[in-house]
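Throughout, read-outs are computed from the coordinates displayed, never taken from laboratory work. All values derive from a computational prediction rather than experimental measurement. All Cβ positions, glycine included, derive from the backbone under ideal geometry; neighbour counts span all protein chains shown.
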Amino acid sequence: MFDYIEFESADGEKKEKDIILLGLTTCSFCRKGKEFLDQNGFSYRYLYLDKIDPDIKKRMKADFTDTFDRRLSYPTLIVDEKEILTGFIRIAWEKELLDEA
């Protein structure tokens, strides 16, 4: 997914899920989401869209909308290229990432 983008990586002991975090450097909810992933030991890839070329950002937002049939908002968590969580709502992130059931 998004093969034309170079993501940053965070290495953690939990590697079972393919996790992508899309956010902005100026977004406090994005920072809280990243902290949640770090504190819970997840490996993930992330991208701050305010740090990339505007043309690539435009392409990525269009591809996101085409793929997931929704507009990109921040933060967005993509799990295994199919589950999408928008906004940092701790209980939803815990349910998606920490519940074993």
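What the table shows:
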| read-out | value |
| --- | --- |
| Karplus-derived HN-Hα couplings along the stretch 16-22 (A = 6.51, B = -1.76, C = 1.60, θ = phi - 60°), whole Hz, x at Gly and Pro | 5, 10, 8, 10, 10, 10, 10 |
| Rounded FRET efficiency, nearest 0.05, which uses the C-beta distance separating Val79 from Asp3 and R0 of 30 Å | 0.95 |
| Point-charge dipole on Cβ atoms (K/R +1, D/E -1) for the stretch 8-91, about Cα centre, debye to 20 | 320 |
| Descending semi-axes in whole angstrom, ellipsoid equivalent of the chain, from the Cα gyration tensor | 21, 14, 13 |
| Dipole of the chain, positive end: most advanced residue of Leu21, Met1, Pro75 [Cβ charges, Cα centre] | Pro75 |
